[in-house]
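Shown next, in structure tokens, is the structure this report addresses.
The values are calculated or read from the model by the stated rules, or taken from the named source; none is laboratory data. The structure displayed is predicted, hence computed values, not measured ones. Note: ideal-geometry Cβ built from the backbone for every residue, glycine included; neighbour counts use all protein chains shown.
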Amino acid sequence: MEDPRTDGAGSARREPEAAAWGERVARFVRGRVFPRESVLDGGGPEAAEALAALRAEARAEGLWALPLPAALGGGGLSFGAYAELAEAEGASDHGPAALGSAPLLDVTMLARFGRPEVREAYLKRLVAGEVRTCYAMTEPGVPGTDPFRTATRAERHPDGGWLVTGRKWFTSGAAGADLVTVMARTSGAAGDREGLSLLLVPTGSAGFRVVRELPVLGAPGQYEIALDGVRVPADHLLGEPGEALAIAGERLQLGRTLRCLRWLGQAQRAFDLMCERAATHDGSRGPLADQQLVQAHVFDALLALRTTRPLVREAVALIASGRDARTEVGLAKVAAARMLQQVADSAIQIHGAAGLGPDTPLPALFRTGRAARILDGPDELHITAVARRVLRTYGRAG
């Protein structure tokens, strides 16, 4: 099967048209997703109905699952081509789910590391939107930057399967997921650098439960989950025992870059709102656009956008070609998170009190920017990791 991360023969059908897809996706997100955001944000049956309608519209317009493999029912765009439209799709948090590209990380992981039975059971259903997945790595009381301290355990069952016991939290979308990929210790003790594995756990299994929702700065969607002796079939192990960190590292590299692309789209949205406000509203001293401090906000925000985008594109190019992108992804992740928070903050400032209320998406964009500096590893983790990697290339003379 074609690796969804790379440019393969399966993507040739759509590749020359990548730029045109970007504009179609942008129109869909602006015209269809933006107007439904308040309903989607609210959750519950109304949100589910709105999302189902959006997915049907995306399929009808030929925009469904564009970056997923064509052999599985997706659009067949390579990761490099998908990056050309991921910003537009990610301008709304709901864009990837509405357009069917949200499971890209899980499809990639299962296609590469899932056993034949798992690939046969889930991949096409994932692409079709019939199955929903989530990823559980972080645990209460355990720093997310130190996976070696993972306390969740998976013990061998006499039938060859696994019994999984532990807790995870800040698991996105767990309440509505059918499957959750769980990092668990299959050998050794907490703190050991070996013995961590990934298991695909059906959420309908006995012993699995959602403990509580964990709103992030007031926004829903994150959950704490418990696994109390959950039985997992032997063929639901991803890769081999002890390979969790290698698989997770590959997944994180791709996932962080996807987040950066979506943060760029959200920052561009905030920038557009800021400029529209400045160009069409007057203050006590005349048009906002004529005020130098407003102009400074516009300049600084544009500078942040224009200097961050090349960093993200460099990471995309390396990942698409299968090369080591750890340094570039670290730079892009920190830059994009800071940039989104900065641009959203400036847009709120130009809007004044209106930027703090429910009539614009700016509070949500700012919240995403602030959370972005912790999601997928805090800024400090990436800063030290990149710096150490760079310094090792210099060494000591003499």
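Things to note:
- Flag if GLU139 is under 19 Å from the mean Cα position of the chain (by Cα) and acidic (Asp, Glu): yes
- Taking the stretch 270-286 as the range and being small (Gly, Ala, Ser) and either at positive phi or in a loop (DSSP other than H, G, I, E, B) (or both) as the test, the residues that pass are SER284, GLY286.
- Selection status of GLY100, crowded, with 24+ Cβ neighbours inside 10 Å and within 20 Å of LEU51 (Cα to Cα): yes
- Members of the stretch 92-118 that are part of a loop (DSSP other than H, G, I, E, B), at negative phi and touching a Phe, Trp or Tyr at 6+ places or on another chain (Cβ under 8 Å): SER92, SER101, GLY114
- Scanning the stretch 83-125 for residues that are free of Cβ contacts under 8 Å to residues at least 12 places away in the same chain and closer than 23 Å to ARG367 by Cα yields one hit, ALA102.
- Only listed residue being within 30 Å of LEU365 (Cα to Cα), in contact with a helix residue (DSSP H, G or I) (Cβ under 8 Å, 6 or more places away or on another chain) and touching a residue at least 40 places away in the same chain (Cβ under 8 Å), chosen from ALA279, ALA267: ALA267
- Scope the stretch 8-40; condition modelled with pLDDT under 70 and either touching a His at 6+ places or on another chain (Cβ under 6 Å) or buried (at least 18 other Cβ atoms within 10 Å of the Cβ) (or both); matching residues: GLY10, SER11, ARG14, ALA18
Residues are listed down the side, and each one gets a yes or a no for (1) under 21 Å from the mean Cα position of the chain (by Cα); (2) outside any helix (DSSP H, G or I):
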residue: ALA20; (1), (2): no, no
residue: PHE28; (1), (2): yes, no
residue: SER38; (1), (2): yes, no
residue: LEU63; (1), (2): yes, yes
residue: LEU68; (1), (2): yes, yes
residue: GLY80; (1), (2): yes, no
residue: GLU84; (1), (2): yes, no
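- Of the residues making up the stretch 218-239, those that are of a type in the set (D, E, K, R), outside any helix (DSSP H, G or I) and more than 19 Å from the chain's Cα centre (by Cα) are ASP228, ARG231.
- Residue list for the stretch 74-97, filter: surrounded by fewer than 22 Cβ atoms within 10 Å (Cβ to Cβ) and within 17 Å of ILE319 (Cα to Cα): GLY80, GLU84
- Subset tally (residues that are over 26 Å from the mean Cα position of the chain (by Cα) and either closer than 20 Å to VAL216 by Cβ or touching a residue at least 24 places away in the same chain (Cβ under 8 Å) (or both)) for the stretch 166-192: 5
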